[in-house]
Amino acid sequence: MQIKINALFILGFISLFSLPLYASENTASKRMFMPTSGYDTNAFNPAFIQSANGLFNVHFGGYTQFRYNATFLQNMPDSMEVVPRGYNLARTRLFLEGDVTDQFYYHLRANINGSNNLELMVAYLQWNFKNPKMSLRMGKQFMALGREDWILPQELASIDFSAHDFTFAIWTSFGFQFHHNINKNLRYWIGLGNGAYGARRSFPDPKDSDFAVTTRWEWNINGSDWNKYDDMLGRKGCDFGMLLGLGIGNNTRFNPEALKTDSKNATQMNLDYTISGNGYQFFAQGSMTNLKYDSPQAGKENTVYGLYSTFGYWFTKKLFAYGRFDYVGRGDRVGYTEDYASPGVGASIYPFTFSNRIRFTLEYNFLGATITNTIVEPDGQLGVIATPYGGQQSIRFQAQFGF
């Protein structure tokens, strides 16, 4: 009897995922005869299971990034390694998202980082108002501020986020975020959260817990399709568009112990510009960050600046090449003597035209400054190694694959 039950279960499970895939519809009212499972290449996470009427659904997917790194260090003593090299899994992302009803959408995203630590980095519920142009997200999420930080890693032109993003982005926070798509030319977000890297905090709050207000406004200059700005790549066949974005955020700390060593207020402004067309995309983002302290013992007020830019071009539907420039200035921050300025080039092959999730990338970057003299923290994700002796160059290969 047990064998028969197991056999029936296995056959039922196989039949569930072998149903044919039909074109998905935009609203539940149109889903008259939809399959209960399948693989929709038009969806961000293609694999799905849903109710017969389509009112409830869950989409799932994932990808991993496997890398080989070689860094060429300059002016190193003879007794030290000049070309550190090695492999790592940069990140693995797992997605679970879907609709509970027409009004409520949920999104869960787990990350396994290069140290093999698993964390639930995004978990929010989105309430879609009766006005379809408005929504409210509640939970653990990215706050809209700078466009690069708003983009998923698989959608970047380069192998990874820039040093500019690593230094200035606030990552994810616990909070609320209201979105209003006013018309085909203008949309904005307003968020209230617990600040930079707030999503990594737990109860009871540590001493550096804070409060953040963020807002981002986007002007779709020629009113083209918003979806083309979901990545920093562009594709062959895309129509021409220009996007201007402005993001402003403020972090405030209240804990007396934290204020002895950390800033009282951190204010940041991001301005970015994107041109996207048939087989190319140009992106540039500049930022200014000001830190204010509660006492001279904690620190001196300072302002630092950053710039990041990429330009990518599709030579064919599957071959993509790009250039990048990554700059983080020290401004008037005390204790640093050099600015981080790193140009780079790279190329990627995308085997499938319907998804950016599978790609193979080779990238070269040059850094003339001594990393320990800049405000950028050395990080293996950047391909940058801590050294006090001079500049460095890196060559990295990445195989990104998933479903």
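Semi-axis lengths, largest first, of the ellipsoid equivalent to region 102-188 are 26, 17, 11 Å, with √(5λ) applied to each eigenvalue of the Cα gyration tensor.
Computed from the C-beta positions of residue 403 and residue 116 and an R0 of 22 Å, the FRET efficiency is 0.55 to the nearest 0.05. Round to the nearest 10 and give me the degree value, 0 to 90, for the angle of helix 2-17's Cα axis relative to the longest principal axis of the chain. Approximately 70 degrees, to the nearest ten. Placing +1 on the Cβ of each Lys and Arg and -1 on the Cβ of each Asp and Glu in the chain, which of 402, 319, 346 has its Cα farthest towards the positive end of the resulting dipole? Checking the options against the dipole of the chain, the answer is 402.
Between residue 134 and residue 261, the simple label model (points 7 Å from Cα in the Cβ direction) yields a spacing of 4.4 nm. Have a look at 185, 217, 89 and report the one farthest towards the positive end of the charge dipole of region 2-402, computed about the Cα centre with Cβ charges (Lys/Arg +1, Asp/Glu -1). Checked the options; the winner is 185. In region 222-338, the convex hull through the Cα atoms has an average projected area of 9.4 nm², a quarter of its surface area. Around residue 105, under 11 Å between beta carbons, what's the net of Lys plus Arg minus Asp minus Glu among the other residues? Residues near residue 105 contribute -2 overall. Computed from backbone phi, the HN-Hα couplings of region 248-258 come to 9, x, 9, 9, 10, 9, 10, 5, x, 5, 5 Hz, rounded to whole numbers (Karplus: 6.51 cos²θ - 1.76 cosθ + 1.60, θ = phi - 60°; Gly and Pro given as x). Semi-axis lengths, largest first, of the ellipsoid equivalent to the chain are 37, 27, 23 Å, with √(5λ) applied to each eigenvalue of the Cα gyration tensor.
We did not get these values from a lab; they are worked out from the coordinates using the rules stated. All of these numbers come straight from a predicted model, not from anything done at the bench. All Cβ positions, even for glycine, are placed from backbone atoms using ideal geometry, and neighbour counts span all protein chains on display.
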